[in-house]
Structures are given as structure tokens and as C-alpha cells.
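The values are calculated or read from the model by the stated rules, or taken from the named source; none is laboratory data. As the structure is a computational prediction, the values presented were derived from the model and not from experiment. Note: ideal-geometry Cβ built from the backbone for every residue, glycine included; neighbour counts use all protein chains shown. The area values use the complete protein model at the heavy-atom level, side chains included, leaving out ligands, DNA and RNA. Shrake-Rupley method; radii C 1.70, N 1.55, O 1.52, S 1.80 Å.
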Amino acid sequence: MLEALREDIARHREFTYLLLRRLQNLGRAFVLRSDLQDAYRALAAEHAAPPPEYSALTQMLEDVQEAVITAPWISFSVRPQVGRWVYLRIHADELAVEPVPVGAFLEFKERLVAPHLEEYRPLEFDIGAFQRHFPNLRESRSIGQGVEFLNRKLSSQLFDRDGAGFHKLFLFLREHRCNGHQLMINDRVRDVDGLRAVIRAAEKRLARLDPETPWDAVAHTLQELGLEAGWGRDVGRIRESLELLSELLEAPSPKTLERFLARIPMIFSMLILSPHGFFGQSNVLGLPDTGGQVVYILDQVRSLEREMHARLAEQGLDIQPRILVVTRLIPEARGTTCDQPEEHISGTQNAKILRVPFRGRDGEVVPHWISRFEIWPYLERFANDVETRVRAELGGRPDLIVGNYSDGNLVATLLSSRMHVTQCNIAHALEKTKYLYSDLYWRENEDQYHFSCQFTADLIAMNAADFILTSTYQEIAGTDHGIGQYESYGAFTLPELYRVVNGIDVFDPRFNIVSPGADSEVYFSHQETERRLGGLHGELHEMLFGGPHPEARGMLEDPDKPLIFTMARLDRIKNITGLVSWYAQHPELRRRANLVVVAGYVDPGRSGDREEQEQIAYMHRLFDEHGLDGQVRWLGMRLDKVLSGELYRYVADHRGVFVQPALFEAFGLTVIEAMVSGLPTFATLYGGPLEIIEHGRSGYHIDPNHGDEAADVLLEFFQRCEADPGHWDRISRAGMDRVEARYTWKRYAERMMTLSRIYGFWKYVTNLERAETRRYLEMFYALQYRPLAARLEG
Ligand code: UDP
Ligand code: LCN
């Protein structure tokens, strides 16, 4: 690439020179991709001989993510492909091109923000040094399909010449126990050859039996041979499992390995961590920091319990799986159940929420809610207390630990490493990419956000995890020109703290895309009339079209117009006020449709959150300045799930639409809820909705940075529907189909259970090689994270 670039620059010397000059003249130290693009396009339009579209220079400029200006050099981070980075610099006068190591590129940035740092040699975090022996994906398009890749690797390793792979599989089969009972094979089976012989003998004994003969009837004879419970509930299933294993020992293939491992009874109990509150089953949504993560976990638990139970039953084990969701206990619970140490999870047999309080330095219980940005000093003590509580509850350790968000993933790391349990991370959203330069200017944000703790926790947890679930591809690796959330941890710097030259590799097979769903009991098509909750319609009508209401502002003067509906927490990123202002400034759209907003509170006194209070004040200003009271109905209330489910459908009955205008949305549960209800949905193209919606088919993408265009897209839709009412139906149908095909909890639970077995096996066979990484992360935790967190406690 470098050679081609040099040649190209030589060919287009004047153009390059002028462009670099313009970049310098912007008067900024850091130039973002969009600004560079603007400068380049403007120059190309004026210039007599700009470089052609496919030249190395144009391609490089197209792929630049950031330019750093340290005259006379301008350095560039270039991302020629998703997940692949190159760093180089060009001399602004001589036009010489040089490659730059990533550490040096970060150093240029550090010097610009902290010029006083002479002879600065910070700690460099480099996880790459420990990962060289581990296989990685190669193609950007395979990112997020870790388990398929791993299956291929594992099955070829099983097949190695000295038979060591088979021996590990044999040892692994001996590991499984439940409530003190041995499963799969007992000590009569001594080695791989023994195992082969046992399979043959067992197949012979079972050959003539009715496939429906239950395990109990053959248990005795199989145990004599060396086989224990876990192979199947009846002879048919046992035979299949034996056949799979014998196939695996003969000619291992990725598919057989996956199918065989999927049957091993490994997961009986599970710990799900979501430390920051409020976490409960009612009255919590809309409280600060409490949104989709809670919805996700509760739905996840219900579907996982069902799946775990079904799988164990198929393997002939009548065992009730245990799922514990662990969160913090908050004595000042504000009318929620968050001060209760235990809560049964409705819709499950046995799952519950366990609440463990945060304790201060002297062991005292912390009574009040703490923002997710402030909880870092409490997590280690919390993890210790949780361990004791969980061991008592389960009578041992769980079989899988799942973390949620930065705090949960850190606690999952501490617990998994102490209890030697497979660790799964889920992020929901990483904060890093939400705020521009949150790393470089971390000091400026430290008082409010404490990103130094959060990013350090993230680095540790993501590298400790055995596997990571993401809701979308972009969460890992972004898009052609946008960086992924995980990818942004690859190389960055926190000046004066440490520098990360290799923080995480998005080609690592630990990443898997497993998207959540919408609860199908609550969110379903508006056309399913027999399931509809007609009894709520009076209330909904009153909410939307009724008169004055203490928790609402605005009354719809013309109730016959179609509704534009939106619902979200009222924080800045959700950009609900953005939508209101686009609407306010678009007379034609205001003429055509009404707007219904469910968010925040109308009375600012009811909010305890600074950002939310600001948004409330801004919303009132928009109403006042633009005279919105006759066209917008703002409901400052939290709707429970059942009511919001019927509300989506009610709006669909009136041939309305749903809008999700966020500046960034990690996934966007409301988007799939609206779509599955049959509402044509318009959602931000930053984040998950970009993948959920196929633009123009199953909904529409809107760009929150260009509100006028977004409002036009809405207007055009309404105009088109007026001319062709079938249009609304087509988009509505395609949205429902899309969700039903890709975003269901049933699929999620099946995937999750398969993954936990395969990564469990992978962890087992690579256990020794991982010790180095573990030790490195432990050191980073003790020397970096712990003091940073302690500083917060004063
Ligand atoms: N929600 C709700 N009632 C409300 C507001 C929100 O039930 O008044 C639910 C909404 O249906 C969705 C979740 O809260 O299930 C929000 O999740 P999303 O992923 O859209 O955003 P988050 O809040 O997690 O950023
Ligand atoms: C958090 C978010 O911000 C949303 O984008 C997700 O949909 C939600 O969690 C559930 O994962």
C-alpha cells in the first residue's frame, strides 16, 4: 500500500500538497473522517486534475479515520478494511510518506493534549503478546461467527496424529457431574480405546430395543459397561448420541462436534450479573440507568430456563435448572422491590433475582442509588459477597457466569476466575464510542463519567471472557466507515495513565452475534385480533386523544391524522427532543400527522437525573417556541409492558408509524417491538437499527444529524400511503416478517446454550495456555483498576 501511495502522491503532488495545507488551515490538532472528506471533496471539485477514484491516494483518503496534525507532519490512522488498521504520516512540505507504529501514532496524540509530558514513557497494554498461539479469523465478514470457526479448529485439532485431542475429549467427558452423581462415563472407561469399545458394546445391547424404551430401563446394563446418565432420555436418543461420538472419534467434523457437545449436560445452573440498579420486575423502567438491559435479562432468563430444562430432559435428566440474576440491593428503593433480598422471576419455575448490597470501605451498607458511572469502588467487595451468597444458594459454583454491561462483566471476571467457571460477557452498550474523544480527553470528563475506571474495567473483562455475545455485527466491528464498539478498544490512549496498543482483537473467535428478541407474549401483530387486549383501548384512547392530564402536555386538535409515535428514556443520546424539533420545524409534516411522545416526566421536579432534567426543560421550550400543544401529545409517564405492547398495536390500528431518532442506539428493543406489532418503523442509522431494518423494505433508516431530511422521509411515507394505501401494509408486513425470522428469544436461547457448551469445552482444552493472559490481566487489575476505583471513594 505504501509504495503505491508514494507513487500516487508523486503523480499528484500539487493536489496532495494543497489538501495537506487545507487540513493544517482547519486550525485543529485532530481532524475527523467527515471533516477530511469535506476538505477533500471541496478541493477535488475545484482542482483541474484531482486523483482518480480508484487511485491509492483516493482510497487512502477514503479509509482515513483520523488525522493528527503535528506540523510539518500529518499522521493518519487508516482503516482499509473493517477491523484492519494501518498508521502512516506524510510530510506536509516534502510529501514524504512513512509508516508509523501504532504506539508512535498514539504518542503524537498524547503530546498534543499533554505537551508537558516530556520523556513520557507510559505503561503500554498489549494483549496481543499473549494471543499469538490462538487461532484467529481472517475475513472481516466472518467477524462475530466465532463458534463456527472454533468448531472447525477444534475438530481438526481432535484429529491430530498423536491422538492427544481424543484424549482431551475423553477426559472432558469424565468431568460431568450433577448433585454429586457422575454423568456420561464412569471410571470403568480407562482411555480412548476403552471408550470406543464401550460404544460398540452399548450399541449392540441397545440395537434390538424399542427406541422409546426409557433410560431407567437400560441404566443398569449401560452403567455396567461404563456409561452413566446424560446420553439421552430414551434408547433412540442414546443411540444417536453414541453414534455422534463414534463418528467424532472416527472422522471429526465441525458439525458433528457441535451436535455432540450440544448434548452434553453441562449447564445446570447459571449466574447472570447486572450489578447497578434499579433492577426489578415492575416500576423500574425509566428510572435512571434502567432500561432495555432489564427487559433483555428478564426475557432472556425465561427463554433460557425453558431451553435448559428441555435439553436436560432430552438427555434423560429430570433436573430443574437454576438461574440467579444478581444485582445490588438498594435500601432506598423508591417504591420498587429493589430493597428485597430475593424475588421470584415471574414466568419461570425456579429463577430468581438475588440482591446483595454494596458496602462502603468500613463494611457499611450503601443505602442510596448510585449512578452507573460511580459504582466502580464497590464492585470488588460486591463480588466477594456475591460469591458467598451464591455458593450458599447453589451449594456450589454455577456452571456459567454471564455479565452484563461494564460493571457486570467486571464482576463476572472476578467471580469466574475465582470459581473457574466459563464466563460470557454481554455489553448492551459500551460508552466509549458514544462520546467523542472520551479516551483522549478523559481527564475533562473524569468528574462526571469516570471513564478511566470504566475503560480499564472493559479492557480487563473483554479479554478475560471465554465468549462475548453481541446483538449486532456493528457492535463488534462497525461498518465500512464507522468503527465498531469493541473495535474502538483495539488501540487508544488515556494520556498520563496508559496507552493501549492492542486492547482487543475483533477477529478473535470469542465474539458471537446472538441478537435478542421481543417478548412474543406481549409484543405481537396488531392483526392477531383474538389476542388483543381490547379492554385497554378506552384507557389508551384517553391517553392519546383525551383532555388535560397531570402527566401530559399537549392535546391533539385533529385526532384523525395518523400518529407518529416514539417512546424511550429521556436522555440526550435517545434524541427524543431532536425528533420533536424536526417535527416542530416542518410545517407540512405537522399538517399531515400528529406526534405522540412517551418519555421522561412533564414535571422536572419528578426527575432525579441531571441530563433528564435538561431534556425536560428543552422539551417545554420546544412546545412554547413552536406552539406544539395542539399537535403533540407528550406523555411523561412510564408505561408497563402490557400497556406499551397494546399501545404499539393501537397506533398501528390507526395506521401510524414508530420513530427511534437516537444519536446512537446499541441495539434498540423498541425498534423490534414496534416492528413486530406491525408499525412501519423509522430508526437511526447509527447502531443496531442499521442491521435490524432493511431500508425501504422492512422500515426506514433516518440520520439523526440531518433532521430536516428525516422529517422529509416521514412526510414522503405519509404522502405515498395516501396515494397507495397498500404501501403501509407492505412495510408493516415486511417489518413483522423480519423480526419473526431473526429476532426471537427461542433462537437466542438455543444459540446461547450451544455456545456455552462449545466454549466450555474450548476453555477446558486450552486451560493451561490461558494462564499467561489471566496473570497479565490480574496484574493490570491490581495495579491500574484498583487504585483508580479507590480514588473515587475519596
Ligand atoms: N419501555 C417500557 N415503558 C416505557 C419506556 C420503555 O416498557 O415507558 C421499554 C421498551 O418497551 C423497551 C425498553 O424499555 O423494551 C427500552 O429498551 P431499548 O433497547 O429501546 O433502550 P435502552 O433503554 O435499553 O437504551
Ligand atoms: C441497552 C441499550 O442501549 C439498547 O440499545 C439495547 O437494546 C438494550 O440495552 C438491550 O440490549
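With a Förster radius of 41 Å, plug the Cβ-Cβ distance of Glu539 and Arg389 into 1/(1 + (r/R0)^6) and report the FRET value to the nearest 0.05.
Taking R0 as 41 Å, the efficiency between Glu539 and Arg389 is 0.50.
Only Cα pairs under 8 Å and at least 6 apart count here; give the relative contact order of segment 524-680 as a rounded whole percent.
35 percent
Using 0.36 nm times the number of residues separating Ser282 and Glu778, minus their current alpha carbon distance, what extension gain do you get?
Full-extension gain reported as 174.8 nm.
Report, for the chain, the % of DSSP beta bridges that are antiparallel, rounded to 5.
If I count the DSSP bridges inside the chain, around 40 percent turn out antiparallel.
Give me the 1.4 Å probe accessible area per residue for segment 1-107, excluding ligands and nucleic acids, in Å².
46 Å²
Let me have the 222 nm mean residue ellipticity of the chain computed from DSSP H runs of 4+ only, each contributing -39500 (n - 2.57), with the sum over all residues rounded to the nearest 500.
-14000 deg cm²/dmol
Largest first and to the nearest Å, give the Cα extent of segment 1-152 along each principal axis.
Taking the Cα atoms of segment 1-152, the three principal extents are 55, 42, 25 Å.
In Å³ and rounded to a whole number, note down the convex hull volume per residue for the Cα atoms of segment 32-77. Don't jump to the answer; show the numbers that get you there.
Details: hull volume 3.8 nm³, N = 46.
With only Cα atoms used, segment 32-77 gives 83 Å³ per residue.
Taking each pair of different alpha-carbon atoms in segment 529-743 once, compute 1/r for the pair, average those values, and report the inverse of that mean as the Kirkwood hydrodynamic radius in Å to one decimal.
About 17.1 Å, per the Kirkwood formula over Cα pairs.
Trypsin sites (Lys or Arg not before Pro) within segment 147-219: which are DSSP loop residues with at most 15 other Cβ atoms inside 10 Å? Write out the running numbers ahead of the final one.
Numbers: sites: Arg152, Lys153, Arg161, Lys168, Arg174, Arg177, Arg188, Arg190, Arg196, Arg200, Lys204, Arg205, Arg208; in loops: Arg161, Arg188, Arg190, Arg208.
Within segment 147-219, the qualifying trypsin sites (Lys or Arg not before Pro) (loop, at most 15 other Cβ atoms within 10 Å) are Arg161, Arg188, Arg190, Arg208.
For a distance above 54 Å, tell me the whole-number percent of Cα pairs in the chain that qualify. Intermediate values should be presented prior to the final figure.
Numbers: 49011 of 314821 pairs.
For the chain, the fraction of Cα-Cα distances above 54 Å is 16 percent.
Counting other Cβ atoms within 10 Å, which GluC sites (Glu not before Pro) in segment 1-57 have at most 12 and lie in a DSSP loop?
Numbers: sites: Glu3, Glu7, Glu14, Glu46, Glu53; in loops: Glu53.
Qualifying residues, ordered by number: Glu53.
Only sites in a loop by DSSP and with at most 15 other Cβ atoms within 10 Å count here; which chymotrypsin sites (Phe, Trp or Tyr not before Pro) in segment 417-455 make the cut?
Qualifying residues, ordered by number: Tyr435, Tyr437, Tyr441.
Give, as a single signed number, the net charge of other residues whose beta carbon lies under 14 Å from the beta carbon of Gly534, with Lys and Arg counted +1 and Asp and Glu -1.
-2
Of Lys153/Lys204; Lys641/Lys763; Lys168/Lys255, which ones are farther than 30 Å apart at the Cα?
Among Lys153/Lys204; Lys641/Lys763; Lys168/Lys255, the Cα-Cα distance tops 30 Å for Lys153/Lys204; Lys641/Lys763.
Below 14 angstrom from the Cβ of Ala734, what's the summed charge of the other residues (Lys, Arg +1; Asp, Glu -1)?
Around Ala734, the surrounding residues sum to +1.
To make sure I understand the rule: partners must be lysines, Cα under 28 Å from the Cα of Lys432, and not fewer than 8 residues away in the same chain. Which ones qualify?
Straight-line reach from Lys432, under 28 Å: Lys109, Lys574.
Could you give the nm distance between label points at Glu496 and Tyr764, where each point is 7 Å from its Cα heading toward the beta carbon?
It works out to 5.0 nm between the two label points.
Give me the net charge for the shell around Leu18: Cβ to Cβ below 14 angstrom, other residues only, Lys and Arg +1, Asp and Glu -1.
Here the charged neighbours net out to +1.
Please work out the C-alpha center-to-center distance from segment 14-87 to segment 300-338 and express it in whole Å.
Each part's Cα centre sits 52 Å from the other's.
Counting only DSSP beta bridges with both residues in segment 524-672, what percent are antiparallel, rounded to the nearest 5? Each step should come with its number before you reach the end.
Numbers: 2 of 13 bridges.
So the antiparallel bridges amount to about 15 percent of the total.
Arrange the residues Lys746, Lys561 by how much accessible surface each exposes, largest first, with a 1.4 angstrom probe.
Accessible-area ranking of Lys746, Lys561, largest first: Lys746, Lys561.
At 4 °C and a viscosity of 1.567 mPa s, what translational diffusion coefficient does Stokes-Einstein give for segment 169-319, taking Rh as the Kirkwood radius over Cα pairs? Give it in µm²/s as a whole number.
After rounding, the answer is 74 µm²/s.
State, to one decimal in nm, how far the label point of Arg791 lies from the label point of Ala251, with both points 7 Å from Cα in the Cβ direction.
In this crude spin-label approximation the distance works out to 6.1 nm.
Given 25 °C and 0.890 mPa s, compute D for segment 162-251 with the Stokes-Einstein relation, Rh being the Kirkwood radius over Cα pairs; round to the nearest whole µm²/s. Numbers along the way, then the final one.
Numbers: Rh = 13.2 Å.
For these conditions, the coefficient is 186 µm²/s.
Using R₀ = 25 Å, calculate the FRET efficiency as 1/(1 + (r/R₀)^6) where r is the Cβ-Cβ separation of Asp737 and His654; round to 0.05.
Taking R0 as 25 Å, the efficiency between Asp737 and His654 is 0.70.
If you take all C-alpha pairs in segment 580-703, what percent of them are over 26 Å apart? Don't jump to the answer; show the numbers that get you there.
Working: 1760 of 7626 pairs.
Distances greater than 26 Å cover 23 percent of the Cα pairs.
How high is the FRET efficiency between Ala723 and Arg610 when r is their beta carbon distance and R₀ equals 56 Å, given to the nearest 0.05?
Once the sixth-power term is evaluated, E becomes 0.75.
What full-extension length gain, to one decimal in nm, is calculated for Glu588 and His626 as 0.36 nm per residue of separation minus the Cα-Cα distance?
12.3 nm is the gain from fully extending Glu588 to His626.
Any chance you could run the full-extension gain for Asp712 through Ala104? It's 0.36 nm times the residue separation minus the Cα-Cα distance, nm to one decimal. Could you put the intermediate results ahead of the total?
On the way: separation 608, 0.36 × 608 = 218.88 nm, distance 4.57 nm.
This chain segment gains 214.3 nm when fully extended.
What area, in nm² and to one decimal, does the C-alpha convex hull of segment 637-794 cast on average over all directions?
Details: hull surface 59.2 nm².
Answer in nm², one decimal: 14.8.
If a paramagnetic tag sat 7 Å from the Cα of His47 along the Cα-Cβ line, which residues of segment 83-105 would have the backbone N under 16 Å from that point?
Once the point is set 7 Å along Cα→Cβ of His47, 90-97 turn out to lie under 16 Å by backbone N, inside segment 83-105.
Excluding same-chain residues fewer than 8 positions from Lys746, which aspartates and glutamates have a Cα within less than 14 Å of its Cα?
Straight-line reach from Lys746, under 14 Å: Asp299, Glu305, Glu307, Asp519, Glu521.
Could I have the simple spin-label model distance between Glu3 and Asp162, label points 7 Å from Cα toward Cβ, reported in nm to one decimal?
Roughly 4.1 nm, to one decimal.
In square nanometres and to one decimal, what's the mean projected area of the convex hull around the Cα atoms of segment 1-76?
4.6 nm²
Taking the Cα of Ser346, stepping 7 Å toward and past its beta carbon, and measuring to each backbone N in segment 640-665: which are under 19 Å?
640-648
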